[in-house]
1. Check region 202-216 and report whether any residue there is on the phi < 0 side of the Ramachandran plot, touching a residue at least 24 places away in the same chain (Cβ under 8 Å), of a type in the set (Gly, Ala, Ser) and out of contact with any Ser or Thr (no Cβ under 7 Å at 6 or more places or on another chain).
2. I'm trying to understand the selection: among the residues of region 59-99, which are open to solvent by less than 40 Å² (accessible area, probe 1.4 Å), modelled with pLDDT under 75 and among the hydrophobic types (A, V, I, L, M, F, W, C)?
3. If you scan region 221-236, which residues turn out to be loosely packed, with under 15 Cβ neighbours inside 10 Å and β-branched (Val, Ile, Thr)?
4. With a cut-off of at least 2 residues that are farther than 30 Å from Arg243 by Cα and polar (S, T, N, Q), name the helices (runs of 4 or more DSSP H) lying wholly within region 115-230.
5. Quick check on this structure: which one of Phe144, Phe172 is surrounded by 16 or more Cβ atoms within 10 Å (Cβ to Cβ) and at pLDDT below 80?
6. For region 143-156, name all the residues that are under 22 Å from Met201 (Cβ atoms) and in contact (Cβ under 8 Å) with a residue 40 or more places away in the chain.
7. Return a yes/no flag: does region 123-139 have any residue that is closer than 16 Å to Gly67 by Cβ, among the β-branched types (Val, Ile, Thr) and free of Cβ contacts under 8 Å to residues at least 40 places away in the same chain.
Amino acid sequence: MLRLRQLIYAELMRSWLELARYPAQFFLGLLLMGLIFYLLFGFAKLAGAVDASGIQTTKLIAGYLLGILALGTIGGPAHQVSREVKSGSLENMVLSGQGLTAFFVVQVLARSWFSLLQMGLLFTVLVFIYKSSFELSWLLLPTFFLFLIAALGLGLLAGAVVLLYKEVSNIFTLVQLLVFPAVMVELPQLQWFPLTLGANMTRNLVSGGSVEPIDWAILGLGAVALYSIGVYFFQSADLLARRRGLLGHE
């Protein structure tokens, strides 16, 4: 437990030092994400998907930011696994006795404040520029938390694949192309999937809508189930990689 607390502190300090040392990278990222949204908003306007009330604009902004956050959270464990393998420290993490799952979950969560800061600043700027109306409710907190839990579950599944096969960048590119639009807009085909359901509920709450109790139940059960599946497969991949001696191989 002490090692995990030390890891949380170390990851928080690392991300803070990166921000302090490379502030231009932080603001350049905000600028690029803002420009990408500007293009997406233009396409949505041409397609007639934006109304005069500003509600659809708010949903578009929220969906866009949730899509970026989902990609970062899902890719987090895979990126951390790849980084530890290249640095040769993955075996040392195993020998520490804490378990790889705990390490990588803590790493992703400890560094998530950086992404949340970017998303919060960008949301504030975009709603001001496009004059869209929005509402903040305490119900956003559990919805957003369950959304992150679902994304982290998918991230652990992705990390399990990297742990076993190492080079799967082409596959993850295709996964990103699937996840981003699925989170950004409402797709009836995926309306009950935990990640997309959490995004839909967040968009509705931010735009002043309501959420049915059945949606809360499905999201809670689905997010916990997806995270549990991710933990199971990651731990199984960890054990299989140890037996095959793959932890030290790129």
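The values are calculated or read from the model by the stated rules, or taken from the named source; none is laboratory data. Note that this is a predicted model, so its numbers are computed, not measured. For neighbour counting, all protein chains shown are included, and Cβ atoms are generated from backbone atoms with ideal geometry for every residue, glycine included. Note: areas computed on protein heavy atoms with side chains; ligands, DNA, RNA excluded. Shrake-Rupley method; radii C 1.70, N 1.55, O 1.52, S 1.80 Å.
1. no
2. Listed by number, the residues that qualify are Val85, Leu90, Met93, Val94.
3. If the condition is that a residue be loosely packed, with under 15 Cβ neighbours inside 10 Å and β-branched (Val, Ile, Thr), then Ile229 is the only one that fits.
4. Working: elements: 140-165, 169-184, 194-206.
It comes to 194-206.
5. On inspection, the qualifying residue turns out to be Phe172.
6. The initial filter retains those residues of region 143-156 that are under 22 Å from Met201 (Cβ atoms), namely 143-155.
Thr143, Phe144, Leu146, Phe147, Leu148, Ile149, Ala150, Ala151, Leu152, Gly153, Leu154, Gly155 - these are the residues of region 143-156 that are under 22 Å from Met201 (Cβ atoms) and in contact (Cβ under 8 Å) with a residue 40 or more places away in the chain.
7. Within region 123-139, the first condition is being closer than 16 Å to Gly67 by Cβ, and the residues that meet it are 123, 126.
Right, trim to among the β-branched types (Val, Ile, Thr) and you get none.
Checked region 123-139: no residue is closer than 16 Å to Gly67 by Cβ, among the β-branched types (Val, Ile, Thr) and free of Cβ contacts under 8 Å to residues at least 40 places away in the same chain.
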